Each structure stands twice: as structure tokens, then as C-alpha cells.
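Any read-out appearing in this document is the output of simple, stated calculations on the displayed coordinates, not a laboratory observation. Fair warning: this is a prediction, and the values are worked out from it, not measured in the lab. Cβ placement follows ideal geometry from the backbone for every residue including glycine, while neighbour counts extend to all protein chains displayed.
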Amino acid sequence: MTVLDYPDGEIGHTDPKELEAVIQKYIDQVKPNIIITYPVHGISGHHDHLACHAIVKRLYTDLKSKPEYSYLKRLAFMTMPTPKANENAGGNSNLNTSNEKHIDCIVNLSNEHLSKLGKALHCYKSYREVIQEHNPAKSIGSKIYFEFYDENFDEPVDALTHGL
């Protein structure tokens, strides 16, 4: 995961071509098969999340059409399901969710993964109070959910790499 050093809340006011160039630089270095970003609703609805979704999706669709980017196989949006589909989680009415029919992948999280999630969330010093108040780790529960761009699985798969 890479977190860029842009002012919080200002991604929407930054030239999207500049952000695309920065993201493309990382893609060129890492050559990932899968790119993960926010879903169209941004989970929290934060403007930066919404802008990141649009920027990454546009860049992915552009690069995927080029032969030199044949390693790009999937664009995944980390999301949260509606509370009905997420019965084992604590739920959080302040978060946006994805309709169950749009969820293509559900990955079970081990205790080790959950511990790492807690440590990763603890790194967000500027949002510590928000994280403590909303407890996203509890909202996630023991599973993590993804929508796949331009793919549709009738039954969700259990791995991001399924079928690649």
C-alpha cells in the first residue's frame, strides 16, 4: 500500500493528470496484476476517496488497453456490504456500502490479518479520533469484500486472484 503525501481533503482540487502520472509511476515500478482502490461511493464518502476512485479507474482503463500493460488483470474496489450481507460485523451506519449483488469477492481474514489491520489503522495519526469513534475494523468483521471492475461473479469468489 502506498499513501501519497497530498493535503487531506484536497485531492479533488488537484490536477487529476498530475495524480495519474504519480500513480502510473508506481504501476510502472511494481507491475501489479491487481490494483485496489475505493469503490464509487468511497466507503466513508470522503471527497478524496471519491476522487481516487475516479482517477484510478480512468487510469486503469487507459493502461489496460495498451499491450505493454498486459500484466494488469484486475481492478478491485475494497468495499463493505449492506448490513444484511455483513451480519458478523459490527456495522456502521456512517459508512457507505455496496449492494450484495455487486460484491464479487469475499476474503476471510485470519487473526493475524486482523492484527495487521489494527496496526495499519493505528498509523493514521491524523484520523485516530475518527478511527476510534467509528471502529472500521469492527465494521469489517472477519471478512473483507471487493467489487471487481468489468467482471461479475454470480457467487462471490474467495480470492482476489481467482481466475487470473
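Estimated at 0.36 nm per residue, the fully extended path between Thr14 and Tyr26 surpasses their Cα-Cα distance by 2.5 nm. Between the amide H of Ile36 and those of Ala76, distances stay under 5 Å, these residues lying 5 or more places away or on another chain, with hydrogens modeled in the peptide plane. Across segment 1-78, Cα pairs under 8 Å and at least six residues apart give a relative contact order of 39 percent. Can you give the FRET efficiency to the nearest 0.05 for Gln132 and Tyr71, using r as the Cβ-Cβ distance and R₀ = 45 Å? About 0.70, to the nearest 0.05. Would you list which aspartates and glutamates come within 16 Å of Lys73, measuring only between C-alpha atoms, while excluding same-chain residues fewer than 8 positions from it? Partners found: Asp28, Asp62, Asp104, Glu147, Asp150, Glu151.
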